[in-house]
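Notes follow the structure.
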Amino acid sequence: MELFLQSIVNSLIQGGFFALWAVGLVLIFGVMGVVNFAHGELVMVGAYTVWLLHAQNDVPFLIAIPVAIIIAMMIGLVMERFLFRPNRTDPLAGLICSIGVLFILQVIAHEVGGTGPAKQVAPPFNQIVEIGESLRIPMQRLFSLGVAIASLGVLWFFLTKTKLGWALRAVALDREASALQGININRISMIAIGVGAAMAGLAGALMAPLQNITPHMGHNVIITAFIVTIVGGVGSLSGAVAAAFIYAAFHTFVTAYFNGTVATICGLLIMVVVLIIKPTGIMGVKVSE
Amino acid sequence: MSIKNLIICIVILAGLVALPHFLAYNFQDLLIFLAVNVLVVVSYRLVTLTGEWSLIHVVMMGVGAYASAMLSKMAGFPFWISMPIAGLTAATIAALLCFPLFRMTQFYFLIGSFAAGEAIRLVWIYFIDPFGGSSGINNLPPPELGDIDFYEPIPYFYMTLIIVTISLFILYRIEKSRVGLTLNAVHWKAPLAESVGVDTWKYRSLALIVGSFFVGIAGALKVHYLGVVTPHQFGIGVMVFVLIWVIVGGYASFVGPIIGVVVLTVFDQGLRASGIVDPAVQPAVYGAVLIASILFMPEGLEGIGKRFFSKSSGENA
Amino acid sequence: MALLEVKNVTKQFGGLTALNDVSFSVEKGEIRGLIGPNGAGKSTMFKNIAGFYTPTKGEVIYDGQNIAGAHPCKVSGMGLVRTFQETTLFDEMSVFENALVGCHMTARSNLFSAIFGSDRQRQKIAAEKTMDVLEFMGLADRKDQLASELPLGSQRALAMAISLNADPKVLLMDEPFAGMNPEETNHMMDLTRKLQDKGITIVLVEHDMKAVMGLCGYLTVLCFGSLLAEGTPEEIRNNEKVIQAYLGGGS
Amino acid sequence: MGITRRNLLRGTAAGIAVAGTGFSTQLLAGQKTVKIGLNIPMTGDYAPWGLPGLYGCNIVANNINAAGGVEIGGETYMIEPVGYDHGYDTEKAITGYNTLRHDDAAMIMMLGGSTVGSIIGRAQRNKMLVSTLLPSDITPDTSNLVAPSESHPLYNCTGVDWLADNFPDAKSAVIVTTNDIEYGQQSAAVYQAAFEARGIEVLDTNFHGFDVTDFAPIVQGLLASKPDIFCMATDVYTTPLIEALYNQGYEGKIISCTLDLYDEVIAKTSKEFVEGIIFQFPDFDDPALQSDDILFPDPSGFWDTFQKDYPGQWSAVAWEYPANLVTWVSAAQAAGSIEPMDVLAAMKANPNPPHVFGTGKWWGKDLYGLDNCVVGRWPVVTMQNGRARIVEFRDVGAWLDKNLDILKRKMQDLGLRTV
């Protein structure tokens, strides 16, 4: 029972991270049609920023987070303007460019951090919340969960309640029709990648005190984000968020009660099965021919 | 093949036969890997002819490599038998994968092929018996033929050169044949091709199976020189390099990917030997080259060469 | 016996009925027009015949066989070939290569013959046949140009050439006159008649009433997914129901 | 912050400086030089198990050269460590091997695993001497491959023995490690055997992949069985694992293979929490190492120089490659030659080969098929007041003599190769 409760809390925390990773990927793919392979590296940049500012130079954690978001966002905007925009007609070119960015960001991280073991950030909130007799949740993890859910809420509000959000969703549904309606595609693309990259940077910043920080940490991020995106439906943000929490729960429980390796294999298999049975994902919409 | 092209091919082959004798010992190994990589990119091009970009190609190379390694290590098969079986094994696995994979196209196919490839790699890692887990299979025997010592790079290079040349010739024949024409047709307008009776599923599968056969052979060639096969040799990082070679070289023509892999390998070694760039920084140089080639030469190096030649020949005329 | 027979075909999408129990038959050698106002179900019927849709109910009998739900490439392999509404070509291939793909059924080769060139004779015949078709369509002198570089009229002709090279017994044409000026339309009408002279049965889905009336011997009219009327152009022109439908639906 | 010594700029500068040869001592004209190759990962995920070794070798070689070099067979040689970065890639390992061999390296030192697998067949034919840090690379066919210093993971038995002697109430354990063969599974097998030999029940062994980001589920799953001992047979993830234990309020014993980064662990948990964690790798300024039976030259001077020149880079391999270098020097002096096969013969001829923590013996025939690794004393280290300190040395060889059958069985259960 204790393990069960702990696992539910863990699932929520992991789900929050998975969702932050995946919404950016979905936004960028939806609006620009580009698979951003460097998305995991944006997360890594967020984590390195916190390591560099907070752990190395004693900048307060709560200031390091917005800086991480801004840096990731700037990188995203540069990618949009100079790589994705000139290649808008050729999604493959955009994908390949993002692989180029992936290499460059990894090397920059390597140069900033130097060789050596994985970087660590001591948790700024090191209290532990005890609920009942045996449920112990570190404050740091609760904080991450809260911020993740809050930012997903803000994103939801932005997309559904603001004019810009409507425009963004319209572009994601049908780019040409939106352009004909007078929507500025360049502007919407910049907003999409800005928001997506910011979410990735935020995720990285929140993860920094919780896990090993290495230049290659983006690899796991992108694989998980792919699984979540595919299972949730490539064009669907709500699907991605739902899939993120479902997949996190699945992975956490299989890991806690069985084995993490089996959890990963099952994750890949689920993805392949979803691709075969319903390539548009559990909540995706079929795009007409 | 025109007489001119034939002469060019013969000159290049003659050059390749002479080349290792002018190289330092450690560069002779690189020549073997380069020849193998040429087969990898050219067979990959056959897969991409139908317009689908697969991320499973390098894993298929691994399927061939593991097949050959296991046959020679556990069943004592000579290389000359295990190598073709390696190709057939990769082709068989590819044929099985066609059923799920070709239900998808474009982005979904890309991700689906990636997931299927990762799943195969995980199988190698987690089933220690018989795949050897993360450390793979060691001490693979080199080929045996008379008194030739295939531990030495030059004989191994010549053998690789012969097998790769035959494979390239076959792949070239396929591309220039009616089959190649149909594959192209499937790429440009699948519904139109179907409207005149082309079974697009069959042709997509054919491309994947034939491409996998040759990359399986390439895998066997590679690991019998290395002496060891591990799951890490066939990771997504290696696949990314195949993509880079093909795209930087130019995937519109048969020679483009070959130019890509040769130029970038020479560039890579030059960079390393020059000592200008710290090895740790090299991936960033690769990344920059990749981006630059997409932005400034969409047809790849091959396109630049073609433009240069057509321009100069135009001036001569 | 009719060459192509549509029997009680119904097609539903979710709760929406696009075609409701439609039946008609096409005789060998005729030019049949399939017309109707917007949303009448012409395109849906076209796709049901060509194998892109599977009818919810009913049969499509071609040459004595039920082909309902058969894959497009099987249908075309049997001689029932479709053309496309908008110009659809293999853009990055030459005119000759485009047309050459057309004779897939007679000239396709397997891997063995591709590698060893054992079907050289067959490929030579295919190339000659392709040149004949290009000659017929008036494209022979453009054979090495890229398809995407042709003017619109020639592109349509090339699309026809591809279909023609597949030796169709029945040619399903999807709005071949859309977007053409009167001169191009006349040229296309001549070509279509020449195809009929070659013994090819033609089914036209078309909006351009002038062309349909001029070409077709017999018309089938659909409205709101149901069969409204059938008859010669003269009969249809005077059919009250048809006039009503066009006036009502066209407003 | 406790990690200010990880000075950013100096770390980066050091990383670039090594891109050359890593050899800085000025040579006098006419002097002879012997090159020792390091065919190791210096970039990528495996760099922490390669690069610090090159740094360490540079320090040791500089010290030897500054003292006038070594005399071998009547000639005075300067020692030059030459590094080649193979990034843990089998192709590059071959190129590195050939490059170093044609650069006249007298021995080639490697990390181990598949990169050794790809070159060892050639080394046998070329009569090249190769050293590895993983004794499990040794097979009956690899007579030129030696493991003279590191006996990963056989030494794990000493920590378990010490724990069982000093905490007899600890009766059950769980083990967590990575699912790779070379490091994780080999190490887990030794721990399983060591626990069984002392009557400690292993409740659960968790093999996880390298893709884990959140260790809370793994740790919570393992703690559900209420073990007395939490055992980490891994070295990549000790920090997040101990952090997860801390978050769970774990109160039992912790034993680990390594704890190189204990400063960071303390920063993430507390000094009190890490107190008493048992592991196997000492800091080289440890008082217990400053004695005559330690056969590593000037351990505390080495430690000081390393911390000064390469801050934040210390790991177990920092002294293991240099230890192999020292072993080579003494064997070459005994052989009076730098020819690889002469040196190998001299190494093997010594019944009491020098080992970092005292003399050892050649061992391995009964497990790997060849007596090509040295086992001897190994320190048991615990955390004491925020520092790693040796509590005792124990004899790995004696344990193996007694418990080989258990170890073999455990290895076979995991599908690992034994003779």
When segment D:218-264 is examined, which residues are found to be among the aliphatic types (A, V, I, L, M), touching a helix residue (DSSP H, G or I) at 6+ places or on another chain (Cβ under 7 Å) and either closer than 20 Å to residue A:208 by Cβ or within 12 Å of chain A (Cβ to nearest Cβ) (or both)? D:218, D:219, D:224, D:241, D:242, D:244, D:245, D:259, D:261
Anything in segment D:202-216 that is at the interface with chain A (Cβ under 7 Å from one of its Cβ atoms), in a loop (DSSP other than H, G, I, E, B), farther than 11 Å from residue D:241 by Cβ and open to solvent by 10 Å² or more (accessible area, probe 1.4 Å)? List them, or say none. D:211, D:213, D:214
Please name all residue pairs, on different chains or six or more residues apart, with Cβ atoms under 8 Å, provided the first residue is in segment A:1-14 and is more than 7 Å from every other protein chain (Cβ to nearest Cβ) and the second residue is among the polar types (S, T, N, Q) and surrounded by 23 or more Cβ atoms within 10 Å (Cβ to Cβ). A:11/A:252; A:13/A:144
Among the residues of segment D:93-102, are any at the interface with chain B (Cβ under 8 Å from one of its Cβ atoms) and part of a loop (DSSP other than H, G, I, E, B)? no
Quickly run through segment C:1-26 and pick out the residues that are of a type in the set (Ser, Thr, Tyr) and at pLDDT below 85. C:17
Which residue out of D:194, D:164, D:189 is away from chain A (no Cβ under 14 Å), more than 30 Å from residue B:136 (Cβ to Cβ), out of contact with any strand residue (DSSP E or B) (no Cβ under 8 Å at 6 or more places or on another chain) and not in a loop (DSSP other than H, G, I, E, B)? D:164
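Of all the residues that make up segment D:295-313, how many are outside any loop (DSSP other than H, G, I, E, B) and open to solvent by 70 Å² or more (accessible area, probe 1.4 Å)?
2
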Of the conditions (1) part of a helix (DSSP H, G or I); (2) buried (at least 22 other Cβ atoms within 10 Å of the Cβ), the single one that residue A:78 does not satisfy is (2)
Can you pull out the residues in segment B:212-237 that are away from chain D (no Cβ under 11 Å) and among the β-branched types (Val, Ile, Thr)? B:215, B:217, B:236
How many residues are part of a helix (DSSP H, G or I) and modelled with pLDDT under 85 when one looks only at segment A:172-219? 8
For residue D:87, state whether it is under 19 Å from the mean Cα position of the chain (by Cα), under 28 Å from residue B:32 (Cβ atoms), open to solvent by less than 10 Å² (accessible area, probe 1.4 Å) and modelled with pLDDT under 90. no
All conditions in (1) open to solvent by less than 40 Å² (accessible area, probe 1.4 Å); (2) more than 19 Å from residue A:125 (Cα to Cα); (3) touching a Leu at 6+ places or on another chain (Cβ under 9 Å) are true of residue D:248 except (2)
Listing of helices (runs of 4 or more DSSP H) fully contained in segment B:193-305 that carry 1 or more residues being closer than 28 Å to residue B:82 by Cβ: B:200-226, B:236-249, B:255-274
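To keep it simple, each residue is scored yes or no on (1) of a type outside the set (A, V, I, L, M); (2) within 14 Å of chain D (Cβ to nearest Cβ); (3) out of contact with any Ser or Thr (no Cβ under 6 Å at 6 or more places or on another chain); (4) open to solvent by 10 Å² or more (accessible area, probe 1.4 Å).
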site	(1), (2), (3), (4)
B:105	yes, no, yes, yes
B:112	yes, no, yes, no
B:118	yes, yes, yes, yes
B:128	no, yes, yes, yes
Exactly one of A:45, A:26, A:78 is more than 10 Å from every other protein chain (Cβ to nearest Cβ), out of contact with any Lys or Arg (no Cβ under 9 Å at 6 or more places or on another chain), over 24 Å from residue A:158 (Cα atoms) and not charged (D, E, K, R), and that one is A:45
Report whether or not residue B:155 is open to solvent by less than 60 Å² (accessible area, probe 1.4 Å), in a helix (DSSP H, G or I), at negative phi and in contact with a strand residue (DSSP E or B) (Cβ under 8 Å, 6 or more places away or on another chain). yes
Could you grab me the full set of residues in segment C:19-30 that are assigned to a strand (DSSP E or B) and either polar (S, T, N, Q) or open to solvent by 20 Å² or more (accessible area, probe 1.4 Å) (or both)? C:20, C:21, C:23, C:25
Filter segment A:89-132 down to residues that are under 30 Å from residue A:9 (Cα atoms) and of a type in the set (Val, Ile, Thr) and give me whichever is nearest to the other protein chains (Cβ to nearest Cβ). A:128
Hey, residue C:107 hits all of (1) open to solvent by less than 10 Å² (accessible area, probe 1.4 Å); (2) among the hydrophobic types (A, V, I, L, M, F, W, C); (3) modelled with pLDDT of 85 or more but one; which does it fall short on? (3)
Quick check on segment B:164-180. Is at least one of its residues within 29 Å of residue D:116 (Cα to Cα) and either more than 14 Å from chain C (Cβ to nearest Cβ) or buried (at least 22 other Cβ atoms within 10 Å of the Cβ) (or both)? yes
Here are B:64, B:15, B:87: which of them is more than 13 Å from every other protein chain (Cβ to nearest Cβ), open to solvent by 30 Å² or more (accessible area, probe 1.4 Å) and assigned to a helix (DSSP H, G or I)? B:15
Condition first: open to solvent by 10 Å² or more (accessible area, probe 1.4 Å) and more than 20 Å from residue D:55 (Cβ to Cβ). Can you find one or more residues in segment D:105-116 that meet it? no
Filter result (at pLDDT below 85 and either in contact with a His (Cβ under 7 Å, 6 or more places away or on another chain) or over 21 Å from residue D:47 (Cα atoms) (or both)) within segment B:256-289: B:270, B:274, B:280
Number of the condition not met by residue D:60 [criteria: (1) open to solvent by 10 Å² or more (accessible area, probe 1.4 Å); (2) of a type in the set (A, V, I, L, M); (3) modelled with pLDDT of 85 or more; (4) not in a strand (DSSP E or B)]: (1)
Quick one: in segment C:149-176, of everything that is open to solvent by less than 10 Å² (accessible area, probe 1.4 Å) and of a type in the set (S, T, N, Q), which residue is farthest from residue C:83 (Cα to Cα)? C:165
Determine whether residue C:49 is within 12 Å of the chain's Cα centre (by Cα) and either surrounded by 21 or more Cβ atoms within 10 Å (Cβ to Cβ) or within 23 Å of residue C:162 (Cβ to Cβ) (or both). yes
If we ask which residues in segment D:120-139 are more than 8 Å from chain B (Cβ to nearest Cβ) and either surrounded by 22 or more Cβ atoms within 10 Å (Cβ to Cβ) or within 21 Å of residue D:185 (Cα to Cα) (or both), their number turns out to be 11
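The values are calculated or read from the model by the stated rules, or taken from the named source; none is laboratory data. This is a predicted model, so every value here is computed, not measured. All Cβ positions, even for glycine, are placed from backbone atoms using ideal geometry, and neighbour counts span all protein chains on display. Surface areas here come from the heavy atoms of the whole protein model, side chains and all, with no ligands, DNA or RNA. Shrake-Rupley method; radii C 1.70, N 1.55, O 1.52, S 1.80 Å.
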